[in-house]
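Please read the structure below before turning to the comments.
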Amino acid sequence: MSGPMDARANNAGRRGVGARVPGWARPLSNERGGSGSLRLAENTIVILFGLLLAVATVNDLVGQTHVNHRLAADLRTWRTVTGHDYRNLDIEQDIKTYTSRDVVCGNVSPGAPGERTQLCLVFEGSVVAGKRAISGGYYLPPKVTDAAENRYSCFGTAASSGLCGRSSPPAGAPPAPAFKTGLGPPPK
Amino acid sequence: MSSLVAAESRSIEPGGRELNLLTTRRLRALAAALSLLMLAGTIEIVIDASVGHSPLVPRSPSIANWLGFAGERLGYRVFLIALLVLTGSYAGMLALAAGSRRQVISTRWAIALVAALELIVFAGPILLSTDVFSYIAYARMAVLHGVNPYIHGPHSIFGDPIYKYVGSDWRKVATAYGPIYTLLTYPLAVLGIKGAVWGAKTQALLASAGTLALTWRCARVRGLDPKLALLIVGLNPLYFVYGLGGAHNDLIMTLLMMVAVALTFAGREAWSGASLMIGGLVKATAIVPLPFMILSRRRPAPLIGALLAGLLGAALAMAAFGVNGLDVISALNRDAGFVSTDSFPTEIAHLVGKPGIFPVDHDLLKGALVLIVLYLMWRTWRGYDWVAASGWTLLAIAVTSTWLLAWYTLWTLPLAAASRDRRLLAATLAIQALFIVHQNAPLLAPVS
């Protein structure tokens, strides 16, 4: 990189803009030769930062894979305990306190997503044999958002933590049995 | 002795040529196979996406359903496998183009392959993003409904047929795009919904073609291999699947940046500065190369060109949208607060055991970005390639952003292809590779 161009640039720098500034701040038209140590430092920083990003990416990928594994277990458990092999289930993760608590909601009878009474099951704990333990749950009327004022017939942890805002099911609602918590079989 | 060596050389030479010919043929066959893989992967994505809405294909007016005759709804598994195939083939093609002195990939072949991939994606539906529907919604708000898109979000036209296609996160959000871009989308408003989508896709295709042509030109001016530069950008899966597939205005932004680079190389620095300013009024990040260009050229022309273009653009923005059309800073500040799961700061937060990004992290990241920019400005002042410095800054913006989307990693790519510092290209491709790796959780553990 060093050559006549650099010499011109350096001379121009000394006579013009850069006459009163220290060497490191003088303008140059081309990079000076011999800036190998600077490039080495830059390369080292970029490579180290790249390694950090690579480790963070792989760590996040592994973490997300575990979360997906958990969510798949939630869906599988919901389908098993309800006996409904529905594809369109709503799944909500705990993004406020970052626990592994998930809520899966789905219709209690066949219909478009959210068009029937919804059964929402709360899952906690680790995945055991492809399934997760039910810690509680509640019901929602059709076509409403999953908010406290719409929830009824809470059971398990949903009841103990006061997730239900309605004291009774709406008129004409289908039966709302409490599901057994833990990894047990569905209620008869 | 010397005549003996010469005689031996002569006797070996024909065999050596045969060997060379054989190797060249094998490498060409490999390049052909990789090209076919890229075409097959792209066709698979487009045909499956044409079937209709899926987690990867936004709800969209039916513009390419006829292509979905043989497809299945595009799911994560097929898409990610195709993306990995495209990425691997891209790496192989670059290695073949860069690593061999032989003409393994002819110029015609390179151009034809890039054109074919772009046209296949152009013919298909909108992929992986609802942004284009926001562009159209803002245009329709301004042109058909008389609503200022710099004050209101698309929810102000909830009765308009475009509204249902706008992403749910963006329905109440006023536009963050520059006023020149919003004006560029005005013609789309009168084309109907399908016509507007095709119009936006055409804008993106033309911008992409222009970016590719200018990348070629700039690389040649700098004594770099223009064909390799074309392949670096044109075959990049994130470029044509995400960028062009989503008809993102980032392609218009990169076009204007490359216009500026080409004009600088042609000695037309005032026009170059003007081009960057216009780019900045399309999408703010296009302005990034301007300080580096000014520091490098040390002449007032780029600054004067930028200021004149800025004044003209500001006058247009004021006339069309009032003072709100110029309030880019508040739009940038708002967007800087967003957090996406794909962003590197989020990944680093998870690595150190934090659940996510906190307000203090935003400040730290902004501080780090300022330091990087100051360092690169000093390096440019001391003779470092201003194109590379601009590229590093855009890469740093993408990496430090808490809201990272695939098309943000494209900003650097044409600059890296035309840069003398190959470290920038390596870093850009590495960042893109990490982005692609991070997408693969649904492939490793599907949720269904």
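Just so it is clear, none of the values below were taken in a lab; they were calculated from the coordinates. Just so it is clear, the model here is predicted, and its values are computed rather than measured. For neighbour counting, all protein chains shown are included, and Cβ atoms are generated from backbone atoms with ideal geometry for every residue, glycine included.
Its relative contact order, with pairs defined as Cα atoms under 8 Å and 6+ residues apart, puts segment B:16-444 at 15 percent.
Computed from Cα positions, the angle between helix B:301-321 and the longest principal axis of chain B comes to roughly 40 degrees.
Shielding of peptide A:62-69 by partners, expressed as the average count of other chain Cβ atoms within 10 Å per residue Cβ, is 5.
Using a cutoff of 8 angstrom between alpha carbon atoms and counting only pairs six or more residues apart, the relative contact order for segment B:144-250 works out to 18 percent. Straight-distance candidates among the lysines for linking to A:K180, with alpha-carbon spacing under 21 Å and chain neighbours fewer than 8 residues away dropped: A:K131, A:K188. At an R0 of 41 angstrom, the distance between the Cβ atoms of A:V58 and A:A171 translates into a FRET efficiency of 0.15. Among the listed pairs B:K283/B:K366; B:K227/B:K283; B:K164/B:K201; B:K172/B:K283, a Cα-Cα separation exceeding 23 Å is found for B:K227/B:K283. In chain B, the longest principal axis of the Cα atoms and the axis of helix B:250-265 are about 60 degrees apart.
In this structure the amide hydrogen of A:S135, modeled in the peptide plane, comes within under 5 Å of the amide hydrogens of A:V122, A:F123, A:E124, A:G182, none closer than 5 places in sequence on its chain. Among the trypsin sites (Lys or Arg not before Pro) found in segment B:30-103, those both in a DSSP coil and sparsely packed, with 10 or fewer other Cβ atoms within 10 Å of their Cβ, are B:R101. Secondary-structure-derived ellipticity at 222 nm for chain B, considering helices only, amounts to -21500 deg cm²/dmol, per-run term -39500 (n - 2.57) for DSSP H runs with n ≥ 4.
Count Lys and Arg as plus one, Asp and Glu as minus one, and take only other residues whose Cβ is under 13 Å from that of A:D85; the net charge is then +3. For segment A:27-110, which GluC sites (Glu not before Pro) are both in a DSSP coil and crowded by at most 12 other Cβ atoms within 10 Å? Listed in order of number, the matching sites amount to none. When we measure straight from the Cα of A:K96, which lysines land under 20 angstrom away, once same-chain ones fewer than 8 places off are left out? Straight-distance partners of A:K96: B:K354.
Note on B:D327 and A:A148: their simple-model spin labels are 3.4 nm apart, each label 7 Å out from Cα toward Cβ.
Taking Cα centre as origin and charging only the Cβ of basic (Lys, Arg, +1) and acidic (Asp, Glu, -1) residues, the dipole magnitude of the protein assembly as shown rounds to 1300 debye. A simple spin-label model places pseudo-atoms 7 Å from Cα toward Cβ; at B:H155 and B:R298 they are separated by 5.4 nm.
Among the chymotrypsin sites (Phe, Trp or Tyr not before Pro) in segment A:51-135, those placed in a DSSP loop whose Cβ has at most 12 other Cβ atoms within 10 Å are A:Y98. The modelled label-to-label distance for the pair B:S168/B:N65, using points 7 Å beyond Cα in the direction of Cβ, is 2.4 nm. The angle between the Cα long axis of helix B:192-221 and the main principal axis of chain B comes to about 40°, on a 0 to 90 degree scale. Among A:162-174, B:36-48, the peptide with the highest mean count of other Cβ atoms within 10 Å heads the list, and the full ranking is B:36-48, A:162-174.
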